[in-house]
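Okay, so here's the structure we're looking at.
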Amino acid sequence: LTGCTEEAVGTSGPTEAAAACDPADVKLVGQVRNESNPYEAAWLDGGDAFAEQVGLTQERLTYDGDSTRQQEQISQLLAGDTDCLVMNVLPNGDSDTPPIVEGAEGAGAYLVTQWNKPADLNVADYQYWLSHITYDGVASGKQIGDALAEAIGGSGGIIALQGILDTGAAKDRFAGLEESLAANTGVELLDDQTANFSRAEALEVTKTLLSKHGDDVKGIWAANDDMALGALEALQQAGRTDVAVVGIDAVPDALTAIEDGAMTATVSSDGPWQGGIGLAIGYCVATGELAVEDIAAEDRAWFAEQFLITADNVADFTSPETDPADFECANVFNRSQGAIS
Amino acid sequence: MAPPADAEVVTSRRPRARRGVSLRDTGPSIALVVVFAVFAALSPGFRTLSNVQNIMDAAAVLAVVTCGVTFVLMMGSIDLSTPGIMGASAITVALLVANNRNDNDLGMLGVAVAVLLAAALGCLSGLALVALKVPSFMTTLGVSAVGLGVATLLFAGVQPNITDEMLEGWAVERTLGLSHLTWIAVACVLVGWSVQRWTRLGRYAYAIGGAEEVLGLSGVKVAPFKVGVFTMAGAFYGLAGVMVTSQLGAGLVQAGKGYDFSAITAAVVGGTLLSGGRGGVLHSAVGVLLVTVLTNGLVQVGVSPYWQGGVQGLIVVAAVAAAVIPQRRRNQVTK
Amino acid sequence: MSTSVLTPAAAPATVVARPTVGQRVTSFMPLIALAALLGALAIADPGFLSQSSLTAVVRTAAPLVVLAAGATVVVLCGGIDLSIAALCSLATVFFAMWLPDLGGLTIAAVVAATAVIGAVQGVAHVLLRIPSFIVTLGGMSIFAAIALVISDAGPIRVVDREATAWLDLYLAGVVPMAFVVALVVVALISAALRFTPLDSWVRAIGYSESAARLAGSPVDRVKIAAFTVSGACAGLAAVMLVSRNFSGSPTMADNLLLPAVAAIVVGGTAITGGHGSVWRSLAGALVVTLLRVGLPIVGVPSAYEQILYGAIIVAAVALTLDRSKVQIIK
Amino acid sequence: MNLQIEPDAPAPATAPALEVRGLVKHFPGVKALDGVDLVVHQHEVLGLAGENGAGKSTLLKALVGLVRPDAGEILVRGQQVKLRSIMDAADHGIGMVFQEQSLVPNLTVAENIVLGSEGPGVRGGLYRWDTLRGLAQEQLDKIGSHIDPLARTDTLSFADRQMVEIAKVLRIEQRSSHPPVIILDEPTSVLEPKEIDALFTQVRRLREFASVVFVSHRLDEVLDVCDRVAVLRGGRSEGEVVAQGAEPEDLHRMMIGATSSADHYHDAVCERTDAPPTPRLVVRGLTGATFQDVDLDVHAGEIVGIVGVHGSGREDVCRALFGAEATTAGEATLDGEALDLSGTRAACAAGIGYVPAERKTEGMVGPMSVADNMLLTKQSARCAGPLVRPRKQARLVDTWIERLSIRTPHRSTPIGRLSGGNQQKVVLARWLVGGDVRLLLLDHPTRGLDVGARSEVYRLMRELANSGVATVLLADSLEEAIGMSDRIVVMSDGRATAEVAAPAGGKPTPLDLVKEMV
Ligand SMILES: Nc1ncnc2c1ncn2[C@@H]1O[C@H](COP(=O)(O)OP(=O)(O)OP(=O)(O)O)[C@@H](O)[C@H]1O
Ligand SMILES: Nc1ncnc2c1ncn2[C@@H]1O[C@H](COP(=O)(O)OP(=O)(O)OP(=O)(O)O)[C@@H](O)[C@H]1O
Ligand SMILES: O[C@@H]1[C@@H](O)[C@H](O)OC[C@H]1O
Ligand SMILES: [Mg+2]
Ligand SMILES: [Mg+2]
């Protein structure tokens, strides 16, 4: 085909030559699914807090859980001025990460992704994709599985509420539950259904499963706190007080529930920190304080520190504060629990 | 140019004048009985009393939403504003009754305000339809977006949890084995049915779906009735949003997610035509039960979560097909 | 009574044609709406009007244009196809799964498969006499389930990017090939309607199916064909998405349903059938895309973005719908 | 040529019930009314006659506020009024039965009758069904109808629905304190003789306390029931005649500005030699939901009328032959080949044409152009290969517009904008453009056509028969059936019960047929 070229706009170039940006020229973008759930709203607020710390503002983007819309926003963003662009992105699903990464690489925009990434996509192969951060889903799924097993005295039936089936988070966490079940032989998985990470869906599914299995249900394992909270409502409506519930994310309502004794355990995912840290890493590289080459291989894709939260330690987590020190260029990798295996 | 009055059957000559119940009306009920019987045979858990209660409870919110959407469909319009209106009302009520975000404690008044806000949003769809002459498909889609926007603004990043005893009680307390939410739904169906049968708003909504241009020729101004129907539908969605809040103990922006399509499906499965002029609240109530029994039954018999949606879709199509087959006729218009 | 009425006389009557200016303008309304929106975005953020930015918009719009164009044919027939997005998602999975074996033939195979699936829905609709809304709603959940099962509920990476690389080229350096393909699809559908009796059949069916049938129009076949085209377009849109995302996923296009139908309506096509065109849907798809990507990029906060989106799509339809063609607005 | 026969009745003491002066109305491309004057006296039945498209319906719609005139004035009882809506008109005591039916099909008869003016039937927004039924029953009693007020309207026959329309307009008596003006736009075109009688009795009763404007293309009927007849031509008042002693020919002359033969169908031109020995259409034992065991033979070149009261099943037999109604038993052959009755397409392909009675919903596609409607069946006639050729199409369509004198501004005008008669001509033309139709099934083909258009259609039918087309005719009236048919089949209760020969020169009388029908 005559007249065809590979690139519409070509500004790509290796980083070494790129002059460091004036801190005032850095453009910070945080992108999550929506502002209508507490976890992601807190994430964006964390980003704002970091931006304020460095005298900038964060551009908040949301794509309403719509993969195509996320891609569309990113490519539109990358079609603008990308010289000192820093993006901290929550890809909707694993499959949404590669095009974002390639787009950023092509346009020379600094990118940090969180949560979702195909296992075989290697961050170190890229110049502008600085880091990928996630929590170890298998570990957290297992941790709350174990906590649940303990709460029901090591034996009895449980039901599992899965997340959106085609996300890595849902799958890893369920794999963690399976590991836990293998270890706790007394615990029996009566049923598993998806409630799509949603509080409302979890309510309905739990009600149905409760009436299906009746008193055999001793515990409910939920792949996130939203679903755990939905399950708690279902239990309340069914008049059941003898069922243990666990979730993941440490959203404020879940922490309150743990304090009240209604819920057994959750695992911390620190939204505000996640919202700030991605921007911080990008900012440090963009301003030249940190060079891509200097980021250790194990810091290109890493598990962030997470804690099992139970009634014992819940008080430590009830008012999460982002610590400005966390975002100093020297500290940005401090919470690493090691490279993603 | 309006779709022929009775959009399904074009031949206008029918042998005898008809009153009372026809096969068309009983098809969905038969389907409901059949589906219920099949699940009861397949699953012991399904046929327990507690599960039947569970089904009724699970149907409550959908039933209230469907009450509203039925009137809109009866006019031959469509309503996709449910997610936005429910979201806005859910957040509103959560912020007005006793909650963890502010010191409000308006109780019933808060519920009323949320329902009024929802009615106002519904009214907006209707006004845009009659004033701008924009099809309801678009006005309601637009209003849904507006509602979600309003809800997100009110949400402001912190989940409002309700502590209002009355509202929480609706979901938990039971009378005659059914939760109060379920009784609210029953009341809504009865109110809807009365409106449809005894009031001008209801009968005209039905007539608008039958032959809108004829109403004009009879000197009836349809615009206020159209606006009225969308307003009433909005109020039903608003109440449904309040009910979801009662169930979840929290006001969610996503309180109405998915209710748009499931309510329309329930209404259509029950025998309300998308082209208008047929069906009604009781038909839709049957549709709601059918859809809810399906959802519940598939979980009860343990169909894999991957397949659930697909099997449900298949059964809905089969149920509608089975209901339609006895009335199939030549030169029938199916849109 | 010397000439039989069955042999037409030679002399045709001379009749004057008078297309009014007003009618001309209304048919351009979708373009006017598009220009107005672009203007407003440019005022909000002058940088938005750059060439690279516009290139990105049309590239983004390409799959939506194709999806909407196919579904427009169904809408013109008076039906609706709610399965397009789910079918498109399923097709991305097909593509990713078949590519290693079929190589260059995969695109054709995927489009053919979705065309057949579309046709099956059409057949179910006309034979079982179930409203298209219900058939395709059922189709939507069935395709979603199949996609989840065959993909094992996860994305499938596309390693061999050669098969779709051409879609990522740019004509003359600025026009994305995907958009060129979308334009070709619109032109093809439009030509197939305009220059053949199909146009008159489709509109007759959309306006009055019973009259069309009693005039001996091939109502059932035309409707099945419409669903086939709609299916094929979903397949082609899937290829475009895969070329953009380097993977297939069982939920990839699910959220494109309402935008696609909105594109059709924003273009001014009557949702009740009969009146409209694929060109209108092209303009509509561009409007919807501008709203989806433009509002957040020019810095409208999320909550206000939704409110604006709602207001603008309603206003756009108020502008584009030719009410002389649709007397009763439902 | 402005024939003016002054009424010799004494000048009315009071002002006329209704007066129209210089009314003008433009539609895109048409001047529908071009300075019409009209006077309706109190206590008279005024006929309104005119060709299709003469502007009758437009004038009447202006009188009930549905059409806003561009110029001219309307006076009610001497007072100039502006009628903005149906309700305005009703308040002035003017009500109308429309040419196209205007009932809401999914409401009850009672609701339709009181629609828009429910009065005591609705209190505080709530329906009082008993009162409502009473109100409706009162109206139905006026016209001696036994229709159940609580039946759903769409379960009624066309004729019953027409009776409901009339009952509905009579409600005007309750609404206005003034003597009402009741406008009937072609109310009789689908009624049985018995029902027409009932209607006329009612019209005569109305005259006692009201004025009536009556439109019909059956001029004998007009002269029968009216006191005075005003004639419209091309949107202008052409003059008026006193009904007493006038002949249909007089009216017709004024309508078209020339003389013509009134019994257009009686002197059927028969160029045909003996019918071929084997019939073209052979139907044996055809059975469906509403008809049983029907046998029917139609020869090439023959017109066979089927007569029967409503519910006789004759319409469904026609539809079944066209593949639009299901059959459970029986068979049909066309020129010796078995007919595929499974669908309309097969019927078209076999050379069968069908003109349905319900023009508005089944005969035409209102928003589409005259050309599109005319060529809907014979798409190949506008194409070369698979492609449409605009010029070829234009030539063809214009030829037929001219040949059938279809009054339309342009071939691209939406058919919905044409007058009823002209719409019907387009629908008929649809089957003629291909030149290959072998059997025509005509269900009330002249419904709503003026005398001129009617005789053109008759001429057309005759010519088609002479060129070998076999025709089945469900006529508008017994006279039409007798005049046009070579043979008449009588149906009742879904069975063909008798057959009467009707050759030129040996026509049966209507009485002969009625005897067979009962
Ligand atoms: N005696 C009556 N009392 C109250 N309402 C009546 C009565 N008769 C008829 N109606 C109303 O007239 C309508 C038409 O009656 P019919 O039962 O034939 O219709 P339908 O299609 O069955 O309506 P529905 O949607 O109520 O089932 C009914 O819907 C009803 O509301
Ligand atoms: N809404 C409209 N738009 C455009 N033209 C119209 C409209 N209504 C009527 N006309 C035109 O005005 C003229 C008068 O029509 P009208 O219906 O009044 O005739 P009519 O005398 O009632 O004829 P018929 O006997 O066939 O009913 C016709 O040429 C018709 O095409
Ligand atoms: O709740 C979170 C969910 O919204 C996201 O999709 O994945 C991680 C979860 O913890
Ligand atoms: Mg009924
Ligand atoms: Mg007329």
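Every read-out reported here was derived from the displayed coordinates using simple, explicitly stated rules and does not represent laboratory data. Given the structure is predicted, the values throughout are model-derived calculations rather than measurements. All Cβ positions, glycine included, derive from the backbone under ideal geometry; neighbour counts span all protein chains shown.
Per-structure values
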item: Pairs beyond 28 Å (Cα-Cα), from B:133/D:425; D:378/D:507; B:226/C:325; B:335/D:392; D:56/D:515; result: B:133/D:425; D:378/D:507; B:335/D:392; D:56/D:515
item: Label-point gap, in nm, between residue D:130 and residue A:341 - each point 7 angstrom along Cα→Cβ; result: 8.3 nm
item: Where labels lie 7 Å past Cα in the beta-carbon direction, separation of residue D:15 and residue B:176 in nm; result: 6.5 nm
item: Amide N proximity, the stretch C:207-221 versus residue D:438 label position 7 Å along Cα-to-Cβ, cut-off under 20 Å; result: C:215-217
item: Calculated FRET efficiency for the pair residue D:192/residue D:278, C-beta based, R₀ 45 Å, to 0.05; result: 0.80
item: GNM flexibility winner over chain A from A:195, A:286, A:24 (Cα, springs under 10 Å); result: A:24
item: Per-residue average of Cβ from other chains inside 10 Å of D:147-153; result: 3
item: Alpha-carbon centroids, the stretch D:153-204 and the stretch B:217-267: separation in whole Å; result: 41 Å
item: Ranking of A:132, D:43, D:217 by count of other Cβ atoms within 10 Å, fewest first; result: D:43, A:132, D:217
item: Chain C, helix-only ellipticity at 222 nm - DSSP H runs n ≥ 4, -39,500 (n - 2.57), divided by all residues, nearest 500; result: -22000 deg cm²/dmol
item: DSSP bridge pairs, chain A: antiparallel proportion in percent, nearest 5; result: 10 percent
item: The stretch D:366-433: relative contact order as a whole-number percent, Cα under 8 Å and 6+ apart; result: 48 percent
item: Anisotropy class of the stretch C:274-330 from Cα gyration tensor, a/c 1.5 cut; result: oblate
item: Gain in span if fully extended, residue D:289 to residue D:68, counting 0.36 nm per residue against the direct Cα distance; result: 74.9 nm
item: Qualifying GluC sites (Glu not before Pro) for the stretch D:218-257 [loop in DSSP, other Cβ within 10 Å: at most 12]; result: none
item: Global form of the stretch D:82-197, assessed from the alpha-carbon gyration tensor, a/c cut-off 1.5; result: oblate
item: Per-residue Cβ neighbour rank within 10 angstrom, fewest leading, D:209, D:322; result: D:209, D:322
item: Ratio of the Cα radius of gyration of the stretch C:65-308 to 2.2 N^0.38 Å, where N counts its residues; result: 1.00
item: Fewest-first sequence of D:412, C:230 by Cβ atoms within 10 Å of each Cβ; result: D:412, C:230
item: Inter-site label distance for residue D:200 and residue C:105 at 7 Å from Cα along Cβ, in nm; result: 7.8 nm
item: Counting all C-alpha pairs of the stretch B:203-335, share separated by more than 27 Å (%); result: 36 percent
item: For the protein assembly as shown, average projected area of the Cα convex hull in nm²; result: 57.0 nm²
item: Beta bridges by DSSP in chain D, antiparallel share as percent, to the nearest 5; result: 60 percent
item: Most mobile of B:144, B:194, B:284 in a GNM of chain B (Cα contacts under 10 Å); result: B:194
item: Alpha-carbon centroids, the stretch D:403-426 and the stretch D:363-394: separation in whole Å; result: 14 Å
item: Whole-Å distance, taken between Cα centres, linking the stretch C:286-330 and the stretch C:212-231; result: 31 Å
item: At R0 = 45 Å, FRET efficiency that the Cβ-Cβ distance of residue A:52 and residue C:36 yields, to 0.05; result: 0.75
item: The protein assembly as shown - share of DSSP beta bridges that are antiparallel (%, nearest 5); result: 45 percent
item: Rounded FRET efficiency, nearest 0.05, which uses the C-beta distance separating residue C:196 from residue B:47 and R0 of 45 Å; result: 0.20
item: Degrees separating the helix C:132-150 axis from the principal Cα axis of chain C, which is the longest one; result: 30 degrees
item: Acute angle (nearest 10 degrees) that the helix A:97-107 long axis makes with the longest principal axis of chain A, alpha-carbon atoms; result: 20 degrees
item: Local electrostatic count, residue D:133, Cβ distance below 11 Å [Lys/Arg +1, Asp/Glu -1]; result: -3
item: Gyration tensor verdict on the stretch C:89-225 (Cα atoms; rounded if a/c is under 1.5, prolate if a/b is larger than b/c, oblate otherwise); result: oblate
item: 0 to 90° range, to nearest 10: angle between helix D:451-466 axis and chain D longest Cα axis; result: 0 degrees
